[in-house]
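Student: Structure in structure tokens, see below.
The values are calculated or read from the model by the stated rules, or taken from the named source; none is laboratory data. Nothing here was measured: the structure is a model prediction, and the numbers come from that model. FYI the Cβ positions are ideal-geometry reconstructions off the backbone, even for glycines, and counts take in every protein chain you see. Ligands, DNA and RNA are excluded from the accessible area calculation, which covers all protein heavy atoms including side chains. Shrake-Rupley method; radii C 1.70, N 1.55, O 1.52, S 1.80 Å.
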Amino acid sequence: MKAKLKGAVKNPFPKDADRKAIWELLIPRDFEAFLAKDWSIGAADFLEKEFMGYDACGISNPDHWRLRYATLKDYREEWLRQAKEFQAVELKAVGKMEFLCKTITLKDIEVQGNRAVAKMKANGSVETLNHGPLTMKWQSIFFLKKVQRHWKITSFVSYLPNPMGKSK
């Protein structure tokens, strides 16, 4: 099964080469890989030697965040587990690619030299035929590095609350 993003959502950075490339890496390539349960599609998007991933556990207080993925292999295993789990869910009245495109946004990407920070947000829910309602309400921050003209993910903080707690 190969789900196509084409026409589902447009890259909001058509005139900014760096932001456009980062968006392409984090949205269509990841969505297509996830729905196909094919890690190899996006494997080259990570800088393995620098990689680590934090899980905010849905909590805004960083005292409770956990270094869940000390290696890219750790993250790959969890990513594949989640892809397989999502494959088993049957959405009601909407395709999976359409649901992801409507639910997950990436509009804030900061670039300074060969480093970037991208802030992705999920906010949506859908009825399923076999698992009750599916709600995605989280945000992630990705840290990237440009290596030989290509952007690579070096780390992230995932499953932050969306919205975050009250600001001071």
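Student: Calculate log10 I(q)/I(0) of the range 1-152 for q = 0.16 Å⁻¹, where I(q) comes from the Debye formula with a single equal point scatterer on each Cα and nothing for solvent.
Tutor: So the normalised log intensities are -1.00.
Student: Can you pull the percent of the chain's accessible area that's carbon plus sulfur, 1.4 Å probe, other chains left in place? List each step's numbers first, then the result.
Tutor: Working: 5090 of 9990 Å².
Here carbon and sulfur together make up 51 percent of the probe-accessible area.
Student: Give, in nm to one decimal, the length gained when the segment between residue 52 and residue 102 is fully stretched (0.36 nm per residue of separation minus the Cα-Cα distance).
Tutor: Result: 15.2 nm gained on full extension.
Student: Using amide H atoms built in the peptide plane, which far-off residues or other-chain residues are under 5 Å from residue 115 H to H?
Tutor: Counting only residues 5 or more places away or on other chains, the set is 146.
Student: Right, here's the next one. Would you calculate, for the chain, the mean residue ellipticity at 222 nm contributed by helices, counting each DSSP H stretch of 4 or more residues as -39,500 (n - 2.57) and dividing by all residues, to the nearest 500?
Tutor: -7000 deg cm²/dmol
Student: Under 5 Å between amide hydrogens, which residues at least 5 positions from residue 94 or on another chain qualify, with H placed 1.01 Å from N in the peptide plane?
Tutor: Correct list: empty.
Student: May I ask you to derive the FRET efficiency for residue 112 and residue 87 from their Cβ-Cβ distance with R0 = 30 Å, giving the value to the nearest 0.05?
Tutor: Efficiency computed from Cβ-Cβ geometry: 0.20.
Student: Right, something else. I'd like the Karplus ³J(HN,Hα) series for the range 37-45: coefficients 6.51, -1.76, 1.60, θ = phi - 60°, whole numbers in Hz, and an x wherever there's a Gly or Pro.
Tutor: Residue by residue, the range 37-45 yields 6, 10, 4, 4, 4, x, 4, 6, 7 Hz.
Student: Another question, then. Within the set 15/107; 84/145; 119/152; 20/107; 37/92, which residue pairs have Cα atoms separated by over 18 Å?
Tutor: Long pairs (Cα-Cα over 18 Å): 84/145; 37/92.
Student: Now for a different question. Compute, for residue 64, the solvent-accessible surface of its heavy atoms (probe 1.4 Å) with the complete set of protein chains present, and express it in square angstrom to the nearest 10.
Tutor: In the full protein context, residue 64 sits at about 90 Å².
Student: What are the GluC sites (Glu not before Pro) within the range 81-163 that DSSP puts in a loop, where the Cβ has at most 13 other Cβ atoms within 10 Å?
Tutor: Here the sparse-neighbourhood loop sites are 90, 127.
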